[in-house]
Amino acid sequence: MRNRTAGPLSSGGAPVTSWPPLPADTPFPVENLPYGVFSAADGRRRIGVAIGDHVLDLAPVARASGLPFADLLDRPVLNPLMAAGPPTWRAVRAEITSWLTDTAHRAAVEPHLLPRGEVTPHLPFEVADYVDFYSSEHHATNVGRIFRPGGQPLTPNWRHLPIGYHGRAGTVVVSGSPVTRPAGQRKAPSDPAPTFGPSRRLDIEAEVGFVVGVPSELGRPVPVGAFRDHVFGICLVNDWSARDIQAWETVPLGPFLGKSFATSVSPWVVPLDALESARVAPPARDPAVLPYLDDAAEPWSLDLALEIRLNGHVISRPPFAPMYWTGAQQLAHLTVNGASLRTGDLYASGTVSGPEREQRGCLLEFTWGGAESFELPDGTRRTFLEDGDEVTITATAPGPGGVRLGLGEVTGRVVPTPEP
């Protein structure tokens, strides 16, 4: 353990040194400071930030400091803070950074640093609406080849707009929540009629979620350039999928029961201000996008490195940088018809996949529709998930001064379908 010298913060300025003892390669250095909601022994939910192996309970420090935004931090969810807007977000982040880098604050702050292993994480924000996109060209191409062999893998609209569907906000759960195997109608191509029962093709989707803070007015689209005026930060998402239920119900309207039973999110929301060093140029778009999707002036591709583990074994490492559509474009498309944003809206990137097999973000791709099983270290083979399987998705991003920032993890264990 050692105090670590940090690189320049995203807002600029001289390098800083954090006084809490941090592991050398912690995913939660002072340049990160992701927000979450947790409870300690008393069971009360409170807002904190992750720093090293600890969580800083924010409200008591803010109140003792007499800060005007202390009430926003003394809540059981992040929504009031997220609704306050970018000037408040920046002020709060700057204050927390000062608490953790200026030793003059140590006596007031240190009693409120709690070991992360001794607290319980909760869903960090109240989800208003949930939208899932389909923005990886590699994923969409693979899926098209699986389901339409010999045909065009991408649908004619795919390179013109970010395709998405409206999901179910009430089944978004925090990492660590069990995932019950869903039941529904299934019909294989060779079956004469559908049957009802537990999904036989339960899958994962490794995604990145964007969390909306500032709402918008009904009837007024949000342009791509206003992305950071509305989006508070990002989190990790596992949008679980029952592929057999989904395949039978999807034509003609799209995902419904096969996607609505559970969506897991990480307990930490990384602020956009922590991600300046992770911004990269997006892939070339061909054909040129329509003007409302033109992000050339302020691109928001992010250089995130995801990792998927099944029962503790790494099976894939999807890269986020090649995603064809960015979070800013998704937000612009989501609202271009005048649809309003609400604080707590969550929209996800869609499955993150790269060009190689070991970069695919779901088992549908990884096993090529179930045709290619893979072996785990214990000798068992998988195509889709079995009861008892545990999936963990993690991600890191480059930070200032060469540090790596972690997005936490999103974990879920499959439990059997309840008996009728």
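The values are calculated or read from the model by the stated rules, or taken from the named source; none is laboratory data. Remember, predicted model here, so these are calculated numbers, not experimental data. Because the Cβ atoms are built from the backbone with ideal geometry, glycine has one as well, and the counts that use them run over all protein chains shown. Note: accessible area is taken over every heavy atom of the protein model, side chains too, but ligands, DNA and RNA are not part of it. Shrake-Rupley method; radii C 1.70, N 1.55, O 1.52, S 1.80 Å.
Of note:
- Gain in span if fully extended, ALA108 to LYS187, counting 0.36 nm per residue against the direct Cα distance: 22.3 nm
- Cα gyration tensor, the range 225-293 - rounded (a/c under 1.5), prolate or oblate: oblate
- C-alpha long axis of helix 86-101 to longest principal axis of the chain, angle in °: 60
- Rg(Cα)/(2.2 N^0.38 Å) for the chain, N = residue count: 0.99
- Check: the range 23-99 dipole with +1 on Lys, Arg Cβ and -1 on Asp, Glu Cβ, in debye: 280
- Of interest is the spacing of the C-alpha centroids, which for the range 43-85 and the range 234-282 amounts to 27 Å.
- Derived value for the range 137-236: Kirkwood hydrodynamic radius 17.9 Å. Basis is the mean of 1/r over every pair of different alpha-carbon atoms.
- Sum of -39500 (n - 2.57) over DSSP H runs of 4+, divided by residues of the chain (222 nm, nearest 500): -4500 deg cm²/dmol
- Per residue, the convex hull spanned by the Cα atoms of the range 62-208 measures out at 192 cubic angstrom.
- Per residue, the convex hull volume that the Cα atoms of the range 351-420 enclose (Å³): 149
- Förster radius 45 Å - calculated FRET efficiency between PHE196 and GLU375 (Cβ-Cβ, nearest 0.05): 0.90
- Cα long-axis angle, helix 137-147 against the chain (0 to 90 degrees, to the nearest 10): 20
- Label separation (ALA40 vs GLU118): 0.8 nm, computed from points 7 Å beyond Cα along the C-beta direction.
- Net length gained if the chain between ALA284 and HIS313 were fully extended (0.36 nm per residue, minus Cα distance): 7.0 nm
- Shown here are the Rg and Dmax of the Cα trace of the range 180-319, at 19.1, 55 Å.
- Ranking by accessible area, most exposed first, for HIS122, HIS138 with a 1.4 Å probe: HIS138, HIS122
- Value in Å of the Kirkwood radius, where the range 291-420 supplies the Cα pairs that are averaged: 17.2
- When the GluC sites (Glu not before Pro) in the range 134-240 are filtered for DSSP coil states and for at most 12 other beta-carbon atoms within 10 Å of their beta-carbon, the remaining sites are GLU217.
- Size of the range 94-170 from its Cα atoms: along the principal axes, largest to smallest, the extents are 67, 28, 23 Å.
- Förster-model FRET efficiency, 56 Å R0, GLU298 and ASP387, C-beta, rounded to 0.05: 0.75
- Accessible solvent surface per residue of the chain, calculated while the other protein chains remain in place, 1.4 angstrom probe, Å²: 41
- When the solvent-accessible area of the chain is split by element, carbon and sulfur atoms take up 55 percent of it, the probe being 1.4 Å.
- Cα-based Kirkwood hydrodynamic radius, the range 58-101, one decimal, Å: 10.5
- In this structure, ASP53 and THR417 have a Cβ-Cβ separation that, at R0 = 30 Å, corresponds to a calculated FRET efficiency of about 0.20.
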